[in-house]
1. Could you please find all residues in the range 430-464 being of a type in the set (Val, Ile, Thr) and part of a strand (DSSP E or B)?
2. How many of the residues in the range 436-454 are small (Gly, Ala, Ser) and either under 18 Å from LEU506 (Cα atoms) or surrounded by fewer than 24 Cβ atoms within 10 Å (Cβ to Cβ) (or both)?
3. Pairs needed: first member in the range 601-621, closer than 21 Å to GLY424 by Cα; second member anywhere, at pLDDT 95 or above and assigned to a helix (DSSP H, G or I); C-beta distance under 8 Å; at least 6 residues apart or different chains.
4. Please determine whether any residue of the range 127-145 is open to solvent by 50 Å² or more (accessible area, probe 1.4 Å) and either without any contact (Cβ under 8 Å) to a residue 12 or more places away in the chain or of a type in the set (A, V, I, L, M, F, W, C) (or both).
5. How do the pairs read when you match residues in the range 526-541 that are under 17 Å from VAL497 (Cβ atoms) and of a type in the set (Val, Ile, Thr) with residues anywhere that are assigned to a strand (DSSP E or B) and open to solvent by 40 Å² or more (accessible area, probe 1.4 Å), using Cβ under 8 Å and keeping only pairs 6 or more apart or on different chains?
6. Do we have any residue at all in the range 543-556 that's open to solvent by 10 Å² or more (accessible area, probe 1.4 Å) and part of a strand (DSSP E or B)?
7. Please work out if TYR331 is in a loop (DSSP other than H, G, I, E, B) and in contact with a Phe, Trp or Tyr (Cβ under 8 Å, 6 or more places away or on another chain).
8. Going by the structure shown, is GLY480 open to solvent by 40 Å² or more (accessible area, probe 1.4 Å) and in contact with a helix residue (DSSP H, G or I) (Cβ under 9 Å, 6 or more places away or on another chain)?
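The values are calculated or read from the model by the stated rules, or taken from the named source; none is laboratory data. What you see is a predicted model; the values in this text were computed from it and never measured. Note that each Cβ is placed from the backbone with ideal geometry, even for glycine, and that neighbours are counted across all protein chains shown. The protein model used for the area step is the full one, side chains on, heavy atoms only, and it has no ligands, DNA or RNA in it. Shrake-Rupley method; radii C 1.70, N 1.55, O 1.52, S 1.80 Å.
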Amino acid sequence: MKNKFLLGTAAMMAAMSSNAESFHVFLKDGRVVEYTTDIVDSVVFNKEEASIVTPVIPETPSEPATPSNPTNPGNIVTNGDIKMLTMGGWFETCFATWSPYSGASSYKVSIKAKSAADSEYKAIDNQLIRSYGTYMRADALGLKAGDYAMKVEALDSKGNSIAKASVVNMTVSAHDRSGFAFMGTETPGAYKADGTLKDNAIVLYVTEKTKDNVSAEITTSSNGTKTSASGIQNILILYKKGYDSRPLCIRLVGNITDPAVTDKGDLLLDLGATKQTSKGVTIEGVGEDAVANGWGVRIKNAKFVEVRNIGTMNCNSGEGDNIGLQQSCEYTWVHNCDFFYGDAGSDADQVKGDGALDCKKSTYITFSYNHFFDNGKCNLLGLSEGTTDGLFITYHHNWYDHSDSRHPRCRYYSAHVYNNYYDGNAKYGIGSTLGSSVFAENNFFRSCKFPILTSMQGSDLYATANKRDSNNATFSSEAGGSIKAFGNKFEGVVSYVAYGATTCVLEGKETSTSDRGIDSKADFDFWLAGSRDAKMPSSVASYSGGNTYNNFDTNSSVMYNYTPDSADQAVENVKAFAGRQNGGDFKWEFTKADDTSYAVNAALKSALTNYKTQLKSIQGE
């Protein structure tokens, strides 16, 4: 101890007596506190052995942690003693970063509407204030759309303010709540339609340190008995009993590896179907770096569920899906998530993991603003439902970023697929089988090999050849479905055949259907609508199975209100807003060669396997 005391003293005094302008103290929680030599007169140590703290110097990262640039930047209003770095609004959240303040033991961060009096400031939870070593960050969640002021104060060990606070202003936007998920009696999740938490909501923070000891008391009987559980899966097991009607908001902070208790490697959210009294459940990430690393999220027997702002990678669960709606889900919304490789499965088509975001035996679903990074199989839709009645789903503003297939691959469902960006897809985009009805609207297909396929006809069998060949069949020879297309844009190396057309596009070039031997009234990929509200005639049927389109999109008793972007505008919005906040903490740029490759990207795989968070500590832990 004495040697450590002398070493620390010598280092600090050397800094103060030299030309150095500052020295740094490394705290056990990972924070680095800078002291400037112009304000430090002397250094005094308490020599009581019990009071001496051995500094823990964190490993130097390959790249220093730096705050990201906000998509919607804010501005500094009061430039106090705390040096603000970046700040910005997002969808129903906002954030700010700042340099660690010399001598601060903690920080108080408060939020209010910009126009409200200062007495309306409300402190955010400690878990929303984190250290990244070279900077601090705070996120405020559950905000209505509007203008906000965030105040940052530095506190000493007794909670007293030690510096002039800094204040920043930011503008918060509303989430795009479009699609079939919003046709129920409740807004999906623990939040109201205006973005604020529902009344009496339970909020749980899950971190790498707390994943197995986070606790909650859950009502477990009709007489109001409460039972305590520790660990997030154990809490959900109690919640399944169906006696607790309070909304539940589970907030993930940082990189979280497998909890001790899971269901076959998944966090299982099962609300008991008819037993459910819950007003909604949200599983969400805080900030830009919340990661489910090694485990999946599986949902079944549940309604009014929301999953948002999470990165999922290296999933090795028994079911294999990053996020999966297994059965009997209703009014469920998965959005603004980043989907990366899972561990390889046993089948040849599972080298990049199994499904990224699958949906089976569920209805009134919306998947929106998600970012898929070279996933092999993105969105399986349907399994063995055996009916086309009452199954509705929306996919919009998703970025299929060099992912290979299933965007989605549809069985049975009525699926509205609009404003998605298909960006370098080596196998195919949308696939329709087994009587499904798909309305593909205002999507942008860039170098998507086969943008739109109907099973057992058109490009599914002709591929890029001039004759029908069942060996080309993509969908296990399942009977076809029906696809109505309107307002889509195609660019680059794509191939497709429209119903009744005399020309088709083959590998990006227009050619004659007759030259290829194609009867486009029998062998077609989609029916091209002349207007958005046009009805597809019953005379247009699938080659295999004779299935026809059900025109769900023009049925006012079924369809929702929405305002689609043009295909070009959709690309801009998808690039700006799909995936986690500000694009997440894991960035990856694909090359032109990736457009046609469906092999595992070795560099990307290595980066995901070796992913390390830059988060150092969470206030209060």
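1. Of everything in the range 430-464, those that are of a type in the set (Val, Ile, Thr) and part of a strand (DSSP E or B) turn out to be ILE430, THR433, VAL438, ILE452, THR454.
2. Count: 1.
3. Filtered contacts from the range 601-621: ASN601/ASP594.
4. Step one: list which residues in the range 127-145 are open to solvent by 50 Å² or more (accessible area, probe 1.4 Å), which gives 127, 134, 144-145.
This time we only want the ones that are either without any contact (Cβ under 8 Å) to a residue 12 or more places away in the chain or of a type in the set (A, V, I, L, M, F, W, C) (or both), so: 145.
Yes, the range 127-145 has at least one match.
5. Matching pairs, first to second residue: VAL540/THR548.
6. Yes, there is a match, as at least one residue in the range 543-556 is open to solvent by 10 Å² or more (accessible area, probe 1.4 Å) and part of a strand (DSSP E or B).
7. Details: in a loop (DSSP other than H, G, I, E, B): no; in contact with a Phe, Trp or Tyr (Cβ under 8 Å, 6 or more places away or on another chain): yes.
No.
8. On the way: open to solvent by 40 Å² or more (accessible area, probe 1.4 Å): no; in contact with a helix residue (DSSP H, G or I) (Cβ under 9 Å, 6 or more places away or on another chain): yes.
When the stated conditions are applied, GLY480 does not pass them.
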